[in-house]
1. Starting from the Cα gyration tensor of the range 88-150, take the square roots of the eigenvalues, sort them a ≥ b ≥ c, and report rounded, prolate or oblate (rounded when a/c is under 1.5, otherwise prolate if a/b is larger than b/c, else oblate).
2. Would you calculate, for the chain, the mean residue ellipticity at 222 nm contributed by helices, counting each DSSP H stretch of 4 or more residues as -39,500 (n - 2.57) and dividing by all residues, to the nearest 500?
3. What number results when the radius of gyration of the range 403-489, computed over Cα atoms, is divided by 2.2 N^0.38 Å?
4. Using R₀ = 60 Å, calculate the FRET efficiency as 1/(1 + (r/R₀)^6) where r is the Cβ-Cβ separation of THR407 and ARG234; round to 0.05.
5. Based only on other Cβ atoms within 10 Å, what is the fewest-to-most ordering of HIS267, HIS429?
6. Taking one equal scatterer on every alpha-carbon of the chain, how large is log10 of I(q)/I(0) by Debye at q = 0.08, 0.10 1/Å?
7. Using the membrane-span-like helix rule (whole DSSP H runs, Cα extent along the own axis of at least 27 Å, mean Kyte-Doolittle hydropathy at least -0.5), which helices of the chain qualify?
8. Return the distance in nm (one decimal) between the two label points of a simple spin-label model at ASP179 and ILE415, each offset 7 Å from Cα along Cα→Cβ.
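Please treat every number below as a calculation from the coordinates, not as lab data. Keep in mind that what you see is a predicted model, and the values were worked out from it rather than measured. As a convention, Cβ positions derive from the backbone with ideal geometry for all residues, glycine included, and neighbour counts pool all protein chains shown.
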Amino acid sequence: MKTLAVLGLSLISHAVYANDAEPTDGSLEASLADDIRASSKASYANMEHMQILGRSDRLRTEAGSATLIDELALEKMEYDDIHRILANVPGVNIRQEDGYGLRPNIGFRGVTPERSKKINILEDGVLIGPAPYSAPAAYYFPSVNLMTSVEVFKGPAAIKYGPNTVAGTLNLTTRAIPDASEGTVELGFGSNGYQKFHGFYGNSYVLGSDQVGFLVEALSTGADGFKDIDNASRSSFDSDTGFIKNDLLTKLNYQFDTKLLGLDIEHFVELKVSYSDEDSNETYMGLTDEDFAADPFRRYAVSQVGNMDWQHDQVMLTYNLRTDDANWTTRIYNNQFKRAWRKVNGFNQTGNIATDRTLQDIIAAPHEGINANYYQVLTGQKDSEALYEQLIVGTNDRNYYSRGLQTDLTLYSSILGLDNVVNTGLRIHRDRINRDHFEQNYLMQSGIMAPNSLGPKFTTVNYEKTDAVSFYLEDTIHLGDLQLSAGLRSENIDSRYQNRKADKPEDWLEKTSTTWLYSVSGFYTLNQQMGLFFGAHEGFVPTSPKQAPAIQPEESINYELGGRYNDGHNKLEAVLFLNDFDNLKESCSFSTSASCTKEGSVDQEYNGGEVDVYGLEFNFESRIALNGELDMPWSVTYTHTSSEFNQGLDSTFELWGEVNPGDPVPYLPDNQLTLNLGVESSTWQVNLLVKYIGEMHEASGEEVALSGMTTDAYTIVDFSANYDLDEYGAIYLKVDNLLDEVAIVSRRPFGARPSKPQQLFVGYKYHF
């Protein structure tokens, strides 16, 4: 940590002196005070565009780490995958899965990326996960093509968002209703049958002193996929390995212009209604390392049945009122999500230890003993003959809802001549998951999967429900060159679990908990171009309703120390962070291991004890004028992360196992580096992104299926170019994975899975 601290602060100092920064002058205090007020107002002036970072050409004076990826940045690379969008955000750790980003796995500052379950995912400032309290695994993720900005909050800023406060929050912002007639039509096509159709239109009309506006936006994306299934042409199942996604978004608002009690009041009401669906031929079945080396894009015959089908809809009503000294936003929201994922869970378990094997066991040693027979069945080389050679196919039907009322208030005032900003909010929330999981035995016959005659049987039938009332209060005060913030958050959680099987009426659990969390942070301005910031806050991740009291919530104390520099042309931020976990918590899911497919194991949580995660985040951006017509923007983002268990642990959880002090946290690379290079003119631009991800451990300790194994480090290069045709629109070209490097990105739950190969896309946009 000492080495990291010296490195981080020396980089900041070098940037300052290299640019011969001016000392603080007499106008700085007033300028910073204006920035505080302007930045705070901008956060709430438009509930759809939080813009917490303020002006890009001025030094940001808010405490805490935060990153904004705006619409121009999103359009540079034309990414459809949130994993690739977050490549330029330091402190983000991801685990790829399907290559298209359909099921993102995102973590911040070393927390598990598994199903993004330990970060808060917001859309337009509201929790968007299917059941963020009861079942936080994000099997639904909004389409990033609909978003006009992406915001990442880490550090003390997390105190305003919950329930998960350890790592941080990801906020996705949909398009605002335009003030005048505006629309866009976009068409895109690419390799592997990729296609995209996107369009929106909106307008606003003046009604006396008021204004009414609307927006309609539609998106459809899809691809045939880049993998090939054994014997797919002879199967009755869908032969491609791609997906199709559809989105429809509508907004309607009414903006008033009036006075109340002699005060100038601006207020509006807005209705947002959206619908999304997806049909994807996806599976958890991977390959042996040997088969991966021969053909990384092969899928075994057993994966013919793989299919995910889901639908999501949202209704949200927003009221916003603002004056010169206050901003109040209230939202009422309802999200519903249902899904069915048909996939192979394993072979029929007969209770005979001589023959019972999990898919992980078979993939790890496919040619040893009875595993050889199982492997031949998986690949369609052998028919299912014995009872234990029949395959279990599960369809994990789940229905979710998430609904509530959320109100946020910001007050601006002056106390004893000091600028003061108070942010406070209240959320009343309920969410629920209904699980209706059933399984059916299938037979491999001549390389084709076929169901047996017995029909499906229910395995897991339960529900988990949570009622939560959360409150936060944050006060920011400006003391000369020092800006101080203190925050408080409470989570009052009532939850219930019920097994809905007819013979399990007594299998239920109710519990109540109240948690108080605190934060403190500050920013000290050294001059108009540079400042230092610090912060500490309590981290918290609640347990799910079905977990017994013996399973403790995840708790931590999180620290950060950093510096920020901006001279209008060069921007630098370096941050040291430490997450000191009192109890690291993990949960068992289908995406983790074969053992998590067993009844009673789904979403089972485990205590991991004391763990430290620490590291350095670094980001530098600059722009070089090549001549009077060309600029070269460039940036570098680097993250170093170390993790270690502080004590021994003997766990049956497949990600941990028998852990010794000093063992690392899985799926957390030590080093990540991103380099962006571009050349821009008034009519065209080209961009190159180079992303390096270091090796990651598959498991922490010994005596589990993937002990001692790692994913190799790999580098991905992406290219994009676009040309402005003036009134005729614009065209773009992009190549994901330009050098066609393919790597093993994960071996969970059932074998090696590849990164996306080289993909070429061309598109056209017409704006009117």
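1. Cα axes put the range 88-150 in the rounded bin.
2. Numbers: 7 runs with 66 residues, N = 768.
Estimated from H runs of four or more residues: -2500 deg cm²/dmol.
3. Scaled against compact globular proteins, the figure is 2.26.
4. Given R0 = 60 Å and the Cβ-Cβ separation, E is 0.55.
5. Neighbour counts put them in this order, fewest first: HIS267, HIS429.
6. -0.67, -1.08
7. Qualifying helices: none.
8. Placing both labels 7 Å along Cα→Cβ, they lie 3.5 nm apart.
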